[in-house]
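What follows is a set of notes on a single structure, which appears directly below.
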Amino acid sequence: MNNGEVTQAAVKPVEGVNYPSVTRLDSLDFLRGLCALAVVIFHFHSWGGLKFPEAWEGFLAVCGTYGVSVFFVLSGYSLAHGYGDKFSDGIKVDAVLRYSRRRIARLMPLFGLVVLASIAGKMLTGAAVPDVFTILANLLLVFGFVDPALSPVIGGWSIGIEVVFYVAFPLLIVMRRYAVIVVAISVFLSAWLSSIVAAQGSLEAAWVDYVSPANHMVFFATGAYAGFYLRRKPQWAPVAGLLGIACILSLIWIISAGADELAVVTGLRRALLVLLSVFLVVVTSRISMSGNPLFASLFGAASYPLYLIHPLVYFLGARFLPQATMLFLFLLLASIVLALLVDLLIDKPLQRRLKSAGW
């Protein structure tokens with residue numbers, strides 16, 4: 001899941017000094033929170049067997065799949081916005097080291113805790129426990145280079161891919177003059193893997209191919225180049241931006257009508273939804289939320305813990321509570337509240353401690 005800092009102006013750090021605080025683009029924080037919430041709703045809907053109106057089933061499938069894909073666009077966009085200048089003149093060792101420390105510090109602490117909690121849950125319920133190699137690969141955040149599907153955390157595959165993209169990011173900025181070629185190759189790889197996924201008949205059967213970093217590079221690369229070249233463009237009036245978002249969501253609803261998970265990640269729908277995912281981030285980035293920065297910041301900050309812990313909340317609650325719509329609503333609210341508490345009491349203190357130590 002994406003967690004790059006989103007800034008309105010890149011601030012150059014001084015050698016040997018911690019990174020200074022940066023100003024966030026609140027609209028993208030808000031979108032990040034909405035995407036996390038969309039994924040949670042889809043998962044709870046799927047796991048609980050809840051019924052939604054037929055017209056919304058396809059849109060829910062998009063929420064579950066492209067809710068994560070939009071994270072990759074957001075990640076590329078926000079990294080380019082905040083770090084693009086640091087690599088625009090080439091890759092320097094000191095800049096790479098500072099960048100790498102910040103990326104590791106942002107993802108590793110909370111993900112490591114959730115990995116351990118997930119393993120403990122599997123042991124308590126008698127489920128299969130990953131081998132030592134898989135556990136270490138997850139704790140060290142290197143499993144995405146081997147197989148993103150090798151994670152005991154539900155949804156952890158996206159974190160593995162995120163780390164792969166973090167490594168690729170400086171190269172993308174250095175190769176920005178060839179952005180069209182890079183994006184074209186990414187589109188080809190996604191289309192190729194999409195055809196492989198379609199041939200296997202179900203998303204579950206094609207999972208290893210679907211979660212390949214190559215299948216999602218189009219989101220990250222396009223987001224990174226959009227963030228690099230559009231970061232100094234003027235913002236839109238809120239009404240114009242919200243109208244644009246409404247149009248994009250309407251098109252997504254129309255395109256996904258009657259589709260299942262496999263249908264929305266293959267064929268022509270795939271091409272259209274990739275394009276709309278990128279447009280959604282670009283349009284949202286143009287909107288000013290200066291009137292509600294605290295709400296957007298809280299929503300965005302809670303997105304990472306919400307994405308990671310909601311499976312734990314659901315399966316723990318489902319063991320002791322009856323399956324019902326009220327259970328769905330209760331667990332949804334519990335997940336949001338717990339995510340806010342985890343961010344406030346665990347993740348933020350860890351981040352502050354790491355930054356004070358030079359990370």
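Just name the residue that is modelled with the highest pLDDT out of those in segment 289-306 that are of a type in the set (Gly, Ala, Ser), buried (at least 16 other Cβ atoms within 10 Å of the Cβ) and more than 24 Å from Gly156 (Cβ to Cβ).
Among those residues, the one meeting the criterion is Ser297.
Which of the residues spanning segment 229-261 are touching a strand residue (DSSP E or B) at 6+ places or on another chain (Cβ under 8 Å) and either surrounded by fewer than 16 Cβ atoms within 10 Å (Cβ to Cβ) or not in a helix (DSSP H, G or I) (or both)?
Gln235, Trp236, Pro238, Leu242 - these are the residues of segment 229-261 that are touching a strand residue (DSSP E or B) at 6+ places or on another chain (Cβ under 8 Å) and either surrounded by fewer than 16 Cβ atoms within 10 Å (Cβ to Cβ) or not in a helix (DSSP H, G or I) (or both).
Given the structure, is Ser158 under 29 Å from Leu268 (Cβ atoms), touching a residue at least 60 places away in the same chain (Cβ under 8 Å) and either touching a helix residue (DSSP H, G or I) at 6+ places or on another chain (Cβ under 7 Å) or not in a loop (DSSP other than H, G, I, E, B) (or both)?
Spelling it out, Ser158 is indeed under 29 Å from Leu268 (Cβ atoms), touching a residue at least 60 places away in the same chain (Cβ under 8 Å) and either touching a helix residue (DSSP H, G or I) at 6+ places or on another chain (Cβ under 7 Å) or not in a loop (DSSP other than H, G, I, E, B) (or both).
Within segment 5-27, can one find any residue that is in a helix (DSSP H, G or I), at pLDDT 90 or above and closer than 25 Å to Val183 by Cβ?
There is no residue in segment 5-27 that is in a helix (DSSP H, G or I), at pLDDT 90 or above and closer than 25 Å to Val183 by Cβ.
Quick check on Pro152: is it under 20 Å from His43 (Cα atoms) and either without any contact (Cβ under 8 Å) to a residue 40 or more places away in the chain or in a helix (DSSP H, G or I) (or both)?
Yes.
Among the residues of segment 313-329, what is the count of those that are at pLDDT below 70 and surrounded by 15 or more Cβ atoms within 10 Å (Cβ to Cβ)?
0
Kindly provide the set of residues from segment 308-359 that are touching a helix residue (DSSP H, G or I) at 6+ places or on another chain (Cβ under 7 Å), more than 19 Å from Ala120 (Cβ to Cβ), among the aromatic types (Phe, Trp, Tyr) and not in a loop (DSSP other than H, G, I, E, B), ordered by number.
Answer for segment 308-359, where residues must be touching a helix residue (DSSP H, G or I) at 6+ places or on another chain (Cβ under 7 Å), more than 19 Å from Ala120 (Cβ to Cβ), among the aromatic types (Phe, Trp, Tyr) and not in a loop (DSSP other than H, G, I, E, B): just Phe328.
So which pairs qualify, if the first residue must be in segment 38-50 and within 16 Å of Phe315 (Cβ to Cβ), the second must be modelled with pLDDT of 90 or more and of a type in the set (Val, Ile, Thr), the Cβ gap must be under 7 Å, and the two must be at least 6 apart or on different chains?
So the pair list comes out as Val39/Val68.
Considering only segment 44-63, how many residues are assigned to a helix (DSSP H, G or I) and either under 19 Å from Ile254 (Cα atoms) or modelled with pLDDT of 95 or more (or both)?
10
Just need a number here: residues in segment 199-228 that are more than 25 Å from Tyr83 (Cα to Cα) and part of a helix (DSSP H, G or I).
Total meeting the criteria: 5.
Out of Leu268, Leu280, Leu273, I need the residue that is under 21 Å from Gly201 (Cα atoms) and surrounded by 19 or more Cβ atoms within 10 Å (Cβ to Cβ). Which one?
Leu273
Run down Val68, Val73, Val62, Val39 and say which single residue is in contact with a Ser or Thr (Cβ under 7 Å, 6 or more places away or on another chain), farther than 25 Å from Leu172 by Cα and crowded, with 17+ Cβ neighbours inside 10 Å.
On inspection, the qualifying residue turns out to be Val62.
When you look at Ile181, is it of a type in the set (Val, Ile, Thr), part of a helix (DSSP H, G or I) and surrounded by fewer than 21 Cβ atoms within 10 Å (Cβ to Cβ), yes or no?
yes
Consider Arg98 against the criteria (1) closer than 21 Å to Asp347 by Cβ; (2) at pLDDT below 90; (3) not aliphatic (A, V, I, L, M): it satisfies all of them except one. Which criterion is unmet?
Going through the list (1) closer than 21 Å to Asp347 by Cβ; (2) at pLDDT below 90; (3) not aliphatic (A, V, I, L, M), Arg98 breaks only (2).
The values are calculated or read from the model by the stated rules, or taken from the named source; none is laboratory data. Treat the numbers as computed from the prediction; the structure is a model and nothing was measured. For neighbour counting, all protein chains shown are included, and Cβ atoms are generated from backbone atoms with ideal geometry for every residue, glycine included.
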